[in-house]
Amino acid sequence: MAKLPGIKILIALPILFLVFLFILGRPLDNPSMKDYYFEEYQIQKVGVIENMELWKGCGLSIEFVNSKRKYISFKKDTATVSIGHDCEVNEQIRRGDFFQKLPESNKCFIIRNDSVMLFDCNSELKAIAKEYKLPINNIDEWNLEEKYVWHKMPYLPIEKFLSKN
């Protein structure tokens, strides 16, 4: 007569299976901070601000509706961008503003009604690029004399044309 598996084996098998699924679901090639900052510099982000989260040191994470959505998914249908380290920009941004970060640059702008505010996305990007040795020769920034100033636009913006820059 064959022995039946013990109770210990019956308990251990599901636990081992769950551990295996947990390990399988975790990526082993997590991006480094250098990869993260370089990707943030390169990509374009466009959308209407839905949520904001303030971080220590006046950093701000902006969450907005993903305008490039092509299908319904179970993942959050939003995109995020981290900006700032400058407290003054945090006071200017509101939910419902149109946000755009231009690709391969440190240029961001926000449109509210018939006004636009231009600002550099990350005020510490030069120091970050030096610290992490990012392969960026010249950081493309606005070179503004006045920071965080709203300017009246001569006409209401048409958002689909703005995102082509």
>> I need the full set of residues from the range 92-131 which are in contact (Cβ under 8 Å) with a residue 40 or more places away in the chain, closer than 14 Å to Tyr148 by Cβ and open to solvent by 60 Å² or more (accessible area, probe 1.4 Å), in order please.
In response: Arg94
>> Asp86 - would you say it is at pLDDT below 80, closer than 23 Å to His151 by Cβ and more than 13 Å from the chain's Cα centre (by Cα)?
In response: yes
> Name the residues in the range 30-44 that are of a type in the set (A, V, I, L, M, F, W, C), surrounded by 12 or more Cβ atoms within 10 Å (Cβ to Cβ) and under 16 Å from Glu131 (Cα atoms), would you?
Replying inline: Phe38
> Identify, please: which residue in the range 45-60 is open to solvent by 50 Å² or more (accessible area, probe 1.4 Å) and within 19 Å of Asn122 (Cβ to Cβ) and is, among those, modelled with the lowest pLDDT?
Replying inline: Gly57
> What is the one condition in (1) closer than 21 Å to Tyr37 by Cα; (2) touching a residue at least 60 places away in the same chain (Cβ under 8 Å); (3) open to solvent by 20 Å² or more (accessible area, probe 1.4 Å) that Leu134 does not satisfy?
Replying inline: (3)
>> If a residue must be assigned to a helix (DSSP H, G or I) and closer than 21 Å to Glu91 by Cβ, how many such residues does the range 127-157 contain?
In response: 0
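The values are calculated or read from the model by the stated rules, or taken from the named source; none is laboratory data. Keep in mind that what you see is a predicted model, and the values were worked out from it rather than measured. Counting neighbours? That spans all protein chains shown, and the Cβs are built from the backbone with ideal geometry, glycine included. All accessible areas refer to the heavy atoms of the entire protein, side chains included, with ligands and DNA or RNA removed. Shrake-Rupley method; radii C 1.70, N 1.55, O 1.52, S 1.80 Å.
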